[in-house]
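To keep things clear, I will list the structure first and then write my remarks on it.
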Amino acid sequence: MKGKAVAALRRAIVMGLCTWLGTAAAQAPAARPWSDAALSPDARAKLLLAQLTQDEKFQLIRSYYAGPDRPPNKPFPQGAIESAGYVPAIARLGIPALEESDAGLGVASSDRMRPGDHATPLPAGPVTAASWDPQVAYRGGAMIGGEAHHKGFNVLLAGGINLMREPRNGRNFEYAGEDPLLAGSIVGEAIRGVQSAHVISTIKHFALNDQETARDTISAQIGEQAVRESDLLAFELAIERGQPGAVMCSYNKVNGDWACENDYLMNQVLKRDWGYPGFVMSDWGGVHSAAKAVNAGLDQESAGEIFDKEVYFDAPLREALATGEVKQSRIDDMVQRILRSMFAAGVFEHPARPAPIDEAANLAVARETLEAGAVLLRNEHELLPLDVDKLASLAVIGAHADKGVLAGGGSSLVTAKGGNAVPGLAPTGWPGPVMYHPYAPLKALRAMAPKADVQFAEGNDIAAAAALAARSQVAVVFVQKWAAESVDAPDLSLPDNQDALVAAVARANPRTIVVLENGGPVAMPWLDQVGAVLETWYPGGDAGTAMAHLLSGQVNPSGRLPLSWPRDLSQLPRKALPGAGGGTPPASVDYTIEGADVGYRWYQSRGLQPLFPFGYGLSYTRFQHGPLTLATHGGRLQATVEVSNTGSRAGADVAQVYVQVPGAKARRLAGYAKVFLKPGEHRVLTIPLERRLLADFDVARHGWVVRGGQYSVFEGRSSEQLGTPVQVQLPASTL
Ligand code: GLC
């Protein structure tokens, strides 16, 4: 009995001790040395990591879905703001919750998520990219980051940067076009802007999620050199510039391995080669394993309880830890990365909480983004700008321009103040609703030309629209093409018989202006029949005012295309989009066809002429570019060119510098600068060239190599309008 009693007593003591220790460990520690903001984010994270229990560590490496449309057995996570994701706080240690909102064009909500909430919508991503102005990108990021913070969010799932390999991709409107240097600089600055508001930004979707069809099963096939010189270079440049706290790995596979368990992408490239210190979160439903994903570099499972087959980063991961398949040191590394990104963004010191939002100021940021990024594609006989003082009558036609402007669909959708100006358009369910932001061009055009008789005709009655055009001095036709996450366009055509509408209006009145509200390039069979075409993509907040400013010349368009505009599908690397039209989804999409020659590099390498080239855009004034000179400064090649405004209006031009490496047919954008000039003004621009565009990625050496030889450097106003090249002899070198 005695022995048993002693044993029982010993067990009681051990249990009590464990409980006490456990409680002690779970007690709030006396001091919080990680609160010392003088320490580096990594040092602070290390101090805090040491305090965490295992359960607390497991709490941090997964988020909960905080959205609507959830199964009854999956309760809404307590404490979350209704949004995309939520990681509960650890009050004992002062670790705030992570409140994660979509997305890159503003703080997303919908009629299903936070009904009645609203935010300021930026224009589509290509508009910011088309500004060729990193400061515009920064201001846009800072604006949406600020709104997120003032709504209580400290993570914004922004930073969409997938290159436009596929003009029909339904999510091109969220991204920044086809070129790694332009996309990398623009999205990098947008991320920097978001994080200036003490909100962690993601960069996404890592990597090669370049079409939506079969996005969660398809494998993107590509060689290492090609992917390093294209999609991954865009991420590399943006991560260097913006230092996003998190990378979101994508749904698709890359060369057969899921992106969210792809050791090459996450461990070898992102964390080893680039030294990325932050964390990788999955896309919502992108996790397919525990040990493989964790050992491949995934740090946080997003919303697994709803979107994954099971919550891999709970029991299966604990099991993998117990069997030694996953080491404790890796779990600690995951947590370290999450905490250091929280410290780096200032999430602890600057807690996100509801605060007033300066909606007028934020709307101005959206408006100015469109004014900087709208692209004037055609302007025959200087139809534009309109002389509003002499304008007697103006026909405004189509695309619900009497009510608002179109937005793209899916998780990035923002509900603007005033809600949907045209509710009820199909699809109303995912990836809808089809949203028109209530910034009506008609109202703004009437304000722009108060003396004119400005009438509206919806485009569905073509005869009536043509008749209105015939009796008006000028006609402006708004055309639209809705695009959305999870679907791709079957072709480049405008829907709803809009081509017939434009043709009829142009026949009735040759002084016809077309304004495009679209997600990507569209076919324009009527192009030669119209006087002018202005590309505004999904034009965002206060778009009507911006359009009026642009059409009246109050603002001189200065956008340049961030993408190549194909004449037709035959010009593309893939005439048919893999998986389009339904049926069994294709196992893979072959990006080895073009490799790194995405967009204009594809056209140039095959001697094709797109309808409009990358970098193209007209102005209401004229610019002269002087001869290009080259110099080496600090080991870096830099281009110098003088740009003059030889016209009668102030405006901005973009000096674009392209490099042709020995033996290549295609040229590569290696640097650019936008300059605003008054009439008669001129400016000498010095543009540093990004060395990685002079180099090839050498797979054998696993690094960037300048092959050496004679390089041709061009400067001009687009990828096709280039001056006399300057030859430069470069020695072979490694970067
Ligand atoms: C979506 C998107 C991603 C978004 C996430 C949360 O499926 O792919 O961009 O941030 O899920 O909504």
In the stretch 516-552, the residues that are on the phi > 0 side of the Ramachandran plot and open to solvent by 10 Å² or more (accessible area, probe 1.4 Å): D542
Any hit, the stretch 530-550, residues being over 30 Å from P134 (Cβ atoms), in a helix (DSSP H, G or I) and touching a residue at least 12 places away in the same chain (Cβ under 8 Å): no
Spans of strands (runs of 3 or more DSSP E) in the stretch 628-711 with at least 3 residues more than 30 Å from the chain's Cα centre (by Cα): 629-633, 636-645, 682-688
Residue match in the stretch 289-305 (condition: within 16 Å of the ligand (Cβ to nearest atom), open to solvent by 10 Å² or more (accessible area, probe 1.4 Å) and touching a residue at least 40 places away in the same chain (Cβ under 8 Å)): yes
Residues that are open to solvent by less than 30 Å² (accessible area, probe 1.4 Å) and either on the phi > 0 side of the Ramachandran plot or part of a loop (DSSP other than H, G, I, E, B) (or both), drawn from the stretch 75-87: P77, A80, S83, A84
V136 vs. criteria more than 16 Å from the ligand (Cβ to nearest atom), part of a helix (DSSP H, G or I), within 20 Å of V522 (Cβ to Cβ) and aliphatic (A, V, I, L, M): no
Residues satisfying the stated conditions in the stretch 313-340, i.e. closer than 14 Å to F58 by Cβ and either open to solvent by 60 Å² or more (accessible area, probe 1.4 Å) or in contact with a strand residue (DSSP E or B) (Cβ under 6 Å, 6 or more places away or on another chain) (or both): F313, A315, R318, E319, A322, Q328, I338
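Suppose we filter Q59, Q51 for residues that are assigned to a loop (DSSP other than H, G, I, E, B), at pLDDT 95 or above and more than 16 Å from the ligand (Cβ to nearest atom); which single one remains?
Q51
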Complete set of residues in the stretch 200-252 that are among the basic types (K, R) and within 16 Å of the ligand (Cβ to nearest atom): K204, R215
Selection status of V375, touching a Lys or Arg at 6+ places or on another chain (Cβ under 7 Å), of a type outside the set (G, A, S) and open to solvent by less than 10 Å² (accessible area, probe 1.4 Å): yes
Residue under evaluation F714, criteria (1) part of a strand (DSSP E or B); (2) within 25 Å of L608 (Cβ to Cβ); (3) touching a helix residue (DSSP H, G or I) at 6+ places or on another chain (Cβ under 8 Å); (4) not basic (K, R), criterion not met: (3)
Search result, residues across the stretch 80-118 that are within 14 Å of the ligand (Cβ to nearest atom) and of a type in the set (K, R): R112, R114
Tabulated pairs, the stretch 569-590, first modelled with pLDDT of 95 or more, second of a type in the set (D, E, K, R), C-beta under 6 angstrom, 6+ apart or interchain: L569/K575; P573/E594; L577/R168; L577/D488
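Matching residues to (1) more than 21 Å from L534 (Cβ to Cβ); (2) in the same structural domain as L384 (by TED's automatic domain parsing); (3) over 28 Å from the mean Cα position of the chain (by Cα):
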site	(1), (2), (3)
K443	no, yes, yes
A449	no, yes, yes
D453	yes, yes, yes
E458	no, yes, yes
D461	yes, yes, yes
A469	no, yes, yes
Q473	no, yes, yes
Q480	no, yes, no
P490	yes, yes, no
Search result, residues across the stretch 104-141 that are surrounded by fewer than 24 Cβ atoms within 10 Å (Cβ to Cβ) and under 21 Å from E485 (Cβ atoms): S109, S110, D111, R112, M113, R114, P115, D117, H118
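Quickly run through the stretch 188-201 and pick out the residues that are open to solvent by less than 10 Å² (accessible area, probe 1.4 Å) and either out of contact with any Phe, Trp or Tyr (no Cβ under 8 Å at 6 or more places or on another chain) or within 17 Å of S564 (Cα to Cα) (or both).
G188, I191, V194, I200, S201
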Some residue of the stretch 406-427 being part of a strand (DSSP E or B), within 19 Å of G116 (Cβ to Cβ), in contact with a strand residue (DSSP E or B) (Cβ under 9 Å, 6 or more places away or on another chain) and more than 16 Å from the ligand (Cβ to nearest atom): no
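The values are calculated or read from the model by the stated rules, or taken from the named source; none is laboratory data. What you are looking at is a predicted structure, and each value in this text was computed from that prediction instead of being measured. We place every Cβ from the backbone using ideal geometry, glycine too, and count neighbours over all the protein chains shown. In case anyone asks, the SASA skips ligands and DNA or RNA and just uses the protein heavy atoms, side chains included. Shrake-Rupley method; radii C 1.70, N 1.55, O 1.52, S 1.80 Å.
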